[in-house]
Amino acid sequence: MSSLVQNISDTAKWVAIFRAEESERSDAVFHDPFARKLAGEKGKQIADAIGFGRDNSWSFVARTFLFDEFIMKHVREGYDMIINLAAGLDARPYRMELPSSLQWVEVDLPGILEEKEKVLNNETPKCHLTRIRLDLADQKARMELFKKLNSLADKILVMTEGLIIYLTSTQVASFASDLSLQKNFKRWVFDMVSPALLKMIQERMGPALGGSGAVFQFAPEEGEEFFEQYGWKSVESRSGLQTAASLNRLNEQMMQAAALPEPEGRRDQYPWTGVCLFENTNK
């Protein structure tokens, strides 16, 4: 199992399979015609080997759907740049109906971006797409990039899909602070889990990622309040489970769970996952 997931970039192939399977449904809630080719055989092998992820594929579908909704909302509101940090095998610039004037910036490690470019080489993005090869763990390099991007647009949405769960609290704090220093980084959308769900994920999926460098670790007990001291204010949080229920992607047992009210505020003892939209308070 551990030989299947050799590095953190392999997790992008794993998640792409669930996008592919959703796209192939007759009632698909999004269409990613590139996902299966991007995932490759390795992505399918990983998805089939990690039973907990396979059994809860609804969470990946809901996450993709919610990110799509938040992105389109901000495009309609006149945001002129979207920065996708740790972009992985995301193909939104190709599959979404985006204005040609929109600047879309993807940042990730060289290997994963080169893999993606090979698959999408003959495809044309709907907007102005720039790819930047960078290790986001390098704080000096990322700060230089953030400052440069901040100068290129007035209303910027930053997105980090499937990233911060792999970081420590200290790393997330540093990352959040660096983002908030850029006044044109108006909003940030990311996914997050509660401590209760993190524990479950660590137990059920952690061993499968052993030796890859991908470790599930971030789930602040204070929830969204964690980000307030680093220059961010919560605008909206959307539940993955409730979204999956509304999309009819849950089995009967999970539908019963979704019918129960979710706690407001701190959800540390509740197995919660969601997509969160935050606003920069350093204006």
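Couple of notes before you dig in:
- Neighbours by Cβ (under 9 Å, 6+ apart or cross-chain): first from region 107-124, without any contact (Cβ under 8 Å) to a residue 40 or more places away in the chain and outside any helix (DSSP H, G or I); second surrounded by 11 or more Cβ atoms within 10 Å (Cβ to Cβ) and among the aromatic types (Phe, Trp, Tyr): THR124/TYR94
- Taken as a whole, region 77-90 holds no residue that is within 19 Å of PRO33 (Cβ to Cβ) and aromatic (Phe, Trp, Tyr).
- Residue match in region 141-150 (condition: part of a helix (DSSP H, G or I), of a type in the set (A, V, I, L, M, F, W, C) and free of Cβ contacts under 8 Å to residues at least 12 places away in the same chain): yes
- Number of residues in region 152-164 that are farther than 26 Å from VAL215 by Cα and either assigned to a strand (DSSP E or B) or free of Cβ contacts under 8 Å to residues at least 24 places away in the same chain (or both) equals 2.
- Residue check for ALA219: modelled with pLDDT of 95 or more and surrounded by 20 or more Cβ atoms within 10 Å (Cβ to Cβ): yes
- The set of residues from region 255-278 being within 15 Å of SER234 (Cα to Cα), open to solvent by 30 Å² or more (accessible area, probe 1.4 Å) and either polar (S, T, N, Q) or touching an Asp or Glu at 6+ places or on another chain (Cβ under 9 Å) (or both) comprises GLY265, ARG266.
- Evaluating ILE165 against the criteria (1) closer than 23 Å to PRO93 by Cβ; (2) buried (at least 19 other Cβ atoms within 10 Å of the Cβ) leaves one unmet condition, (1).
- Selection count, region 69-81, where residues are farther than 18 Å from ARG238 by Cβ and surrounded by 16 or more Cβ atoms within 10 Å (Cβ to Cβ): 3
- Subset of region 1-52 (residues that are in a loop (DSSP other than H, G, I, E, B), open to solvent by less than 60 Å² (accessible area, probe 1.4 Å) and within 22 Å of TYR166 (Cα to Cα)): LEU4, VAL5, SER9, ILE50
The values are calculated or read from the model by the stated rules, or taken from the named source; none is laboratory data. Note that this is a predicted model, so its numbers are computed, not measured. Cβ atoms come from the backbone with ideal geometry, glycine included; neighbour counts cover every protein chain shown. Keep in mind that these areas ignore ligands, DNA and RNA; they rest on the heavy atoms of the full protein, side chains included. Shrake-Rupley method; radii C 1.70, N 1.55, O 1.52, S 1.80 Å.
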